[in-house]
Every structure is written in C-alpha cells, then in structure tokens.
Amino acid sequence: MVSEQPFRNVPEVPSPDDLIDVAFRRASRASVKLPTKRDRTLVAKLKEITRVRTVTSVVVGRLREIKRSMPMVDSLNPFYRDMFYLMIDSDKFKIAMARLSKASQIVERLAKEYVNKIRSSSDAREASRSRREFYGRVASIIKELKEDLQVLSEVKKLKRLPSFDFDVPIIIVSGAPNVGKSSFVKCVSTAEPEIAEYPFTTKSVSVGHIIGPRGVVAQVVDTPGLLDRPLEERNKIELQAIIALKNLEGGIVFLIDPSETCGYDLDYQLNVLRSVREMFKDKPMVIALTKIDIASEEQIRRALDKLRGERVFRCNTLQCVGVSEVVDELLKVMRGHDRN
C-alpha cells in the first residue's frame with residue numbers, strides 16, 4: 001500500500017535566537033587546520049575565516065533544508081492541499097519561502113565579503129573585529145525572519161493528518177458523538193487502526209484498513225468533531241474542513257443510535273444525517289442503526305419509521321455484529337456509483 005502524507009518530513013523550524021545560537025556555538029568549536037609556518041596573524045586569520053564559514057554553512061544549510069522540506073502545495077492531492085490552505089495563510093507562506101531564499105543568498109554574499117576582509121586584515125585584532133561585524137549582520141538578517149519562520153513552523157501541525165492511499169476507496173464513518181464510530185472502524189479493520197489527529201481539533205481520528213486476498217480493499221476513517229453536528233451549528237473552520245473531506249474518493253457509513261444512550265436524541269441525529277447528506281450529496285451512503293443490543297424494539301421501530309423509504313442496516317459495534325454487512329453493502333454501492 002502506498003501511503004501519502006506530504007507533511008510527514010517537515011522539520012522543526014527554529015526560532016531566530018535558536019538558529020543564531022546553534023550557528024555561533026558550532027563556529028566557536030570549529031577546528032582549524034594550522035599551517036606549517038605558525039605565524040600568529042595568519043593563524044588568527046584562519047580561525048576567524050573558519051568561524052565565518054561555519055556560521056554561513058549552518059545558517060544557509062538550515063534555511064535551505066527548511067525550504068526544501070516544504071511540499072509543493074499546488075501539486076498535492078486536493079485533500080491535503082485544501083487542509084493546507086485551511087491551516088496556513090498561503091500568501092504569508094509564499095512570502096516566507098521567498099525571504100528564506102533571499103536571506104540565504106545575502107548571508108553567502110556577506111561571507112565572501114568578510115572572508116576577503118579578514119584575509120586583508122593587518123593583525124589579529126582587525127581580523128576579529130571583521131568576524132564580529134559579520135556575526136552582527138548575520139544575526140540581524142536572521143532576526144528579520146522571525147515572522148517568516150513562525151509561519152513555516154505552523155506547517156508542522158499538518159503532520160498530525162492521517163495517511164491515505166488515494167488509489168484505494170475511503171469510507172468515512174459519520175454520526176453524532178458516541179454512536180460507535182471508532183468502534184465501527186476497529187470492527188471492520190483487518191489490522192489495528194492507525195490513530196491520527198486533525199490539527200484544529202483535540203480529538204483523534206482512527207484510520208483502519210480492510211484487507212482482502214489481493215490487498216487493501218478499502219480504508220475506513222472516523223472523523224469525530226467534523227461530521228457530528230448539523231450544518232447551522234458549525235464554525236467556519238469546520239465547514240472548510242468538510243470541504244477538504246469531500247475530496248476523499250469513496251462513500252459514507254452513517255450510524256444512528258436508536259437507544260439515545262449516546263446523549264443525543266433521535267431527531268438531533270437525523271438532523272446530522274440531513275446535514276451530512278447535503279454536504280456530501282455526490283457520495284454514496286449506507287445508514288445503520290447501532291447499539292441494537294441495548295435498544296428496545298420500540299426504539300428501533302421508531303427509528304425505522306423515521307427513516308421510512310431508506311434501506312437501514314442494524315449492527316452492534318461493541319460485539320462487531322452486523323458491521324461487515326454494512327461495509328459490503330457500501331462497497332457494492334460504491335462500485336455501482338463508479339460505473340455510472
């Protein structure tokens with residue numbers, strides 16, 4: 001299975017003070033290959049030149065590593081691209097990337113200038129003064145990148161997004177909180193589901209894989225906090241996140257708890273169903289009643305009456321009863337949907 005998570009290799013982005021501190025400390029420990037002729041002025045010059053080059057190597061190398069590790073946003077899968085635009089100010093991101101490139105070039109140019117100054121110094125004191133001047137200018141350049149480095153450090157939040165194989169259908173499990181979504185994912189997954197998080201929630205997301213004789217048949221994802229409220233109750237960031245989720249190819253399993261032990265009454269859950277249907281109108285959906293082991297016949301009958309005209313499955317996610325039939329039905333509907 002090919003797993004795509006374009007933000008996984010994004011490194012920690014240092015603050016200006018941390019970057020300056022690392023560069024100067026490494027320069028202070030840099031060793032110098034001394035010439036055979038131990039002229040004190042020449043040795044002093046070599047030490048100062050080594051420090052300048054070490055600072056340049058650390059600063060330029062780190063800035064370029066940060067820039068190189070950032071993905072090409074417009075070439076990403078639409079799901080990850082939309083999540084990026086949801087979390088990151090794209091204009092500030094582009095400006096930050098450009099400013100890092102320019103800062104690297106300026107530091108390299110300054111290094112050449114100050115190496116020449118040190119070489120032409122008349123004594124050790126003048127060489128030291130030139131090196132300190134170089135340090136001051138580099139520190140000033142890096143400190144000017146404070147906001148840019150802060151913008152780029154935000155990208156690491158996207159490492160928390162789950163990984164998907166976009167060549168395999170994705171089943172989104174939806175419903176009000178506590179109806180059994182995570183348990184459903186565990187029940188149908190052949191292996192233990194991976195746990196990830198959406199960067200703007202405190203809730204985890206479980207992603208399971210259904211594996212058949214020829215490999216992965218489908219991926220099943222629980223998205224708590226995103227699809228469990230009616231449309232009118234959502235804030236802007238949730239609505240944008242749902243737009244991103246619409247880019248996942250596949251279908252939806254919608255779970256309803258007729259026992260209402262989830263803490264939400266049946267009418268509220270049906271409002272969530274209508275909201276999800278409206279947002280994902282182009283995706284095939286299968287509806288299932290959960291907790292049939294504790295729901296009374298009257299509660300089940302009431303739910304079925306409210307869902308009259310729908311094909312409704314019954315399952316118990318605690319004992320994993322009836323869950324495979326729900327997935328089999330959705331996969332069948334999805335295949336028919338793709339052919340159409």
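The values are calculated or read from the model by the stated rules, or taken from the named source; none is laboratory data. Because the structure is a prediction, the values reported are computed rather than measured. Every residue, glycine among them, receives a Cβ derived from its backbone with ideal geometry; neighbour counts consider all protein chains shown.
Condition check ((1) in contact with a Lys or Arg (Cβ under 9 Å, 6 or more places away or on another chain); (2) within 30 Å of Val55 (Cα to Cα); (3) not in a strand (DSSP E or B)) across all residues:
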site: Tyr135; (1), (2), (3): yes, yes, yes
site: Ser140; (1), (2), (3): no, yes, yes
site: Leu149; (1), (2), (3): no, yes, yes
site: Glu192; (1), (2), (3): yes, no, yes
site: Ala196; (1), (2), (3): yes, no, no
Query raised in the report: Quick one: is Phe134 buried (at least 22 other Cβ atoms within 10 Å of the Cβ) and aromatic (Phe, Trp, Tyr)?
Result: yes
Query raised in the report: Does the stretch 14-30 include one or more residues that are touching a strand residue (DSSP E or B) at 6+ places or on another chain (Cβ under 9 Å), among the hydroxyl-bearing types (Ser, Thr, Tyr), closer than 30 Å to Pro162 by Cβ and touching a residue at least 24 places away in the same chain (Cβ under 8 Å)?
Result: no
**Report entry** Residue match in the stretch 135-142 (condition: within 30 Å of the chain's Cα centre (by Cα), among the aliphatic types (A, V, I, L, M), closer than 30 Å to Arg68 by Cα and in the same structural domain as Thr41 (by TED's automatic domain parsing))
**Finding:** yes
Query raised in the report: Using beta carbons and a limit of 6 Å, which pairs, at least six apart or on different chains, have the first residue in the stretch 229-242 and touching a residue at least 60 places away in the same chain (Cβ under 8 Å) and the second one crowded, with 16+ Cβ neighbours inside 10 Å?
Result: Ile237/Phe200; Gln240/Leu86; Ala241/Leu226
**Report entry** Ile252 being assigned to a strand (DSSP E or B) and either in contact with an Asp or Glu (Cβ under 8 Å, 6 or more places away or on another chain) or closer than 24 Å to Ala196 by Cβ (or both)
**Finding:** yes
Requested in this report: Return the residue satisfying two criteria in turn: it lies in the stretch 315-340 and is touching a Lys or Arg at 6+ places or on another chain (Cβ under 8 Å) and among the polar types (S, T, N, Q), and of such residues it is surrounded by the most Cβ atoms within 10 Å (Cβ to Cβ).
Outcome: Thr317
Query raised in the report: Across the stretch 219-247, what is the total count of residues that are crowded, with 22+ Cβ neighbours inside 10 Å, more than 15 Å from Gly180 (Cα to Cα), in contact with a helix residue (DSSP H, G or I) (Cβ under 9 Å, 6 or more places away or on another chain) and modelled with pLDDT of 80 or more?
Result: 1
Report summary line: Being surrounded by 14 or more Cβ atoms within 10 Å (Cβ to Cβ), modelled with pLDDT of 95 or more, hydrophobic (A, V, I, L, M, F, W, C) and closer than 21 Å to Phe166 by Cβ narrows Val253, Val312 down to just Val253
Report task. Looking for whichever is modelled with pLDDT of 90 or more and either more than 22 Å from the chain's Cα centre (by Cα) or assigned to a loop (DSSP other than H, G, I, E, B) (or both) here; the options are Phe184, Phe200. Which one fits? Result -> Phe184
